[in-house]
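**Q** Following this message is one structure expressed as structure tokens.
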Amino acid sequence: MFKGLKKLISDVAVVSDIVLGLDGSVKPAWCLAEALAAKGFKVIFASPFISRNIEGYISERGVIPMNLDVKLLIRNIDSSLIWLEVWMREAFLRLNSTGLKLNSSIIVNFSHTISIDSSIWYLQGAPSIALKDIEPYMPLRFKLVYNAIKPLINYSDRKLTEEIYDKTAIAIANSKFCASMYSRWGVKIHSVIYPPIDTDVFHPSTSKPSSNYVLAYFGKETKFDVIKKVADRGVRIKAFGSKIFMVPKYLLRHPNIDFLGRVSTERLVDLYSNALYTIFPFTHEPFGYIPLESMACGTPVLTYGIQGPSEVIIDEATGWLIEDDREFVDKAVELWVDGYDTAIRRICRDRASKFDRARYIEEWMRILDKLCEGAIR
């Protein structure tokens, strides 16, 4: 298929949000860029900010980095705060897009921080909606600042979305839930392409899981009060995450919680593989890498039956989709005490394979092929 595509185009530009690593929201953009470069396309990978070590890695993989190197006030703090600063630069003043000049045949914009003419815009979630859902769980100092500028954020997010959409040929969402968010703003979604996971990396590290703990992720979208209630009921929890400033002190001191902080990918795979199950009580999640990574390692997931995770998990087959916090805690305890049929682990792996990066790239090549042939308008 891509040989026919190469007759039509030879160069592609992929535009990403800030690149401090190649995971999270950057992963869909990088996977496409890397795959196209491997197929012989000239690929530019543009971003408002790319860390120096990642910029070197991008070049080594045959992709041309275009680092706008925007001037940041926030440095060496949480990546989500840096992202917010970069987004505000564009949403309020359009400072990022003024420095980006691209002449590629195809431009795929994976960013919500750059307004640019593009062939495709890949939508991963509206910042204003995410902040609204997260607000009740923000630390007080962040909540006070957010409430002071919330009207400006809401207005600017809507206007920036409208502007980027007006500059793009087609819009693709990373989940049906994400598509529904933008559809309410008048954005016509052409299709949904779920983000990729590398099942060669995320796979069971053992055939005999210890199953003597439950795994949790601590991040800005975590309902920490639910985690505490689960731990209070005697469930032993191991938790990981780099956003330690978001974690309440009472969790760090809890006797049933072992917070490991940032862990390597190899360690994370082992943590997933040996957990009895993974808990994911979230406030806002357009897609959900944590549930998918867990399932790829053969471990089922307990979470809510809403938003992105409900599209990844099959209830009672690869995990459990819960309606509310009280039911969540009760189910967590039930599974800890009674366990479950271990055949679910094989089903988890089979389900995760549907989101492998090879399938992700196949979907993108079909879209690009149709776009170049004029079949998509």
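**Q** Dividing the Cα radius of gyration by the Kirkwood radius, what Rg/Rh value follows for segment 254-377? If you can, show how the numbers build up before the last one.
**A** On the way: Rg = 17.1 Å, Rh = 16.1 Å.
For segment 254-377, the value is 1.07.
**Q** How large is the translational diffusion coefficient of the chain in µm² per second when you combine the Kirkwood radius over alpha carbon pairs with Stokes-Einstein at 25 °C and 0.890 mPa s?
**A** Details: Rh = 21.5 Å.
Reported coefficient: 114 µm²/s.
**Q** Compute from the Cα atoms of segment 121-254 the Rg and the Dmax, the latter being the longest Cα-Cα distance, and quote both in angstrom.
**A** Reported Rg and Dmax, both Å: 19.2, 53.
**Q** Let me ask something else about it. Quick one: Cα centre-to-centre distance for segment 222-275 and segment 316-362, in angstrom?
**A** Value for the Cα centre distance between the two parts: 18 Å.
**Q** In segment 201-269, which trypsin sites (Lys or Arg not before Pro) are in a loop and have at most 10 other Cβ atoms within 10 Å, using DSSP for the loop call? Can you show the working numbers first?
**A** Working: sites: LYS220, LYS223, LYS228, LYS229, ARG233, ARG236, LYS238, LYS243, LYS249, ARG253, ARG262, ARG267; in loops: LYS220, LYS223, ARG233, ARG236, LYS243, ARG253, ARG262.
Listed in order of number, the matching sites are ARG253.
**Q** Whats the longest run of the chain with zero GluC sites (Glu not before Pro) that are DSSP loop and have at most 15 other Cβ atoms within 10 Å?
**A** Details: sites that count: GLU316, GLU323, GLU373.
Free of exposed loop sites, the longest segment is 1-315.
**Q** Quick one: work out Rg over Rh on the C-alpha atoms of segment 190-240, Rh as Kirkwood radius.
**A** Result for segment 190-240 is an Rg/Rh of 1.11.
**Q** Evaluate E = 1/(1 + (r/R0)^6) for GLU334 and VAL145, where r is the Cβ-Cβ distance and R0 equals 30 Å; express this FRET efficiency to the nearest 0.05.
**A** On the way: r = 40 Å, r/R0 = 1.33.
Efficiency, from the Cβ-Cβ distance: 0.15.
**Q** Starting from the Cα gyration tensor of segment 199-290, multiply each eigenvalue by 5, take the square root, and state the resulting semi-axes largest first in whole Å. Don't skip to the end; give the middle numbers.
**A** Values: eigenvalues 87, 51, 29 Å².
With the √(5λ) rule applied to segment 199-290, the semi-axes are 21, 16, 12 Å.
**Q** Anything over 30 Å Cα to Cα? Flag those among LYS208/LYS331; LYS27/LYS159; LYS132/LYS229; LYS188/LYS238; LYS39/LYS243; LYS71/LYS159, in the order listed. List each step's numbers first, then the result.
**A** Details: LYS208/LYS331 24 Å; LYS27/LYS159 26 Å; LYS132/LYS229 24 Å; LYS188/LYS238 41 Å; LYS39/LYS243 37 Å; LYS71/LYS159 23 Å.
Beyond 30 Å between Cα atoms: LYS188/LYS238; LYS39/LYS243.
Bear in mind these aren't lab numbers, they're just calculated from the coordinates by the rules spelled out. Keep in mind that this is a model prediction, so the values were computed, not measured. Cβ: placed from backbone, ideal geometry, glycine included. Neighbour counts: every protein chain shown.
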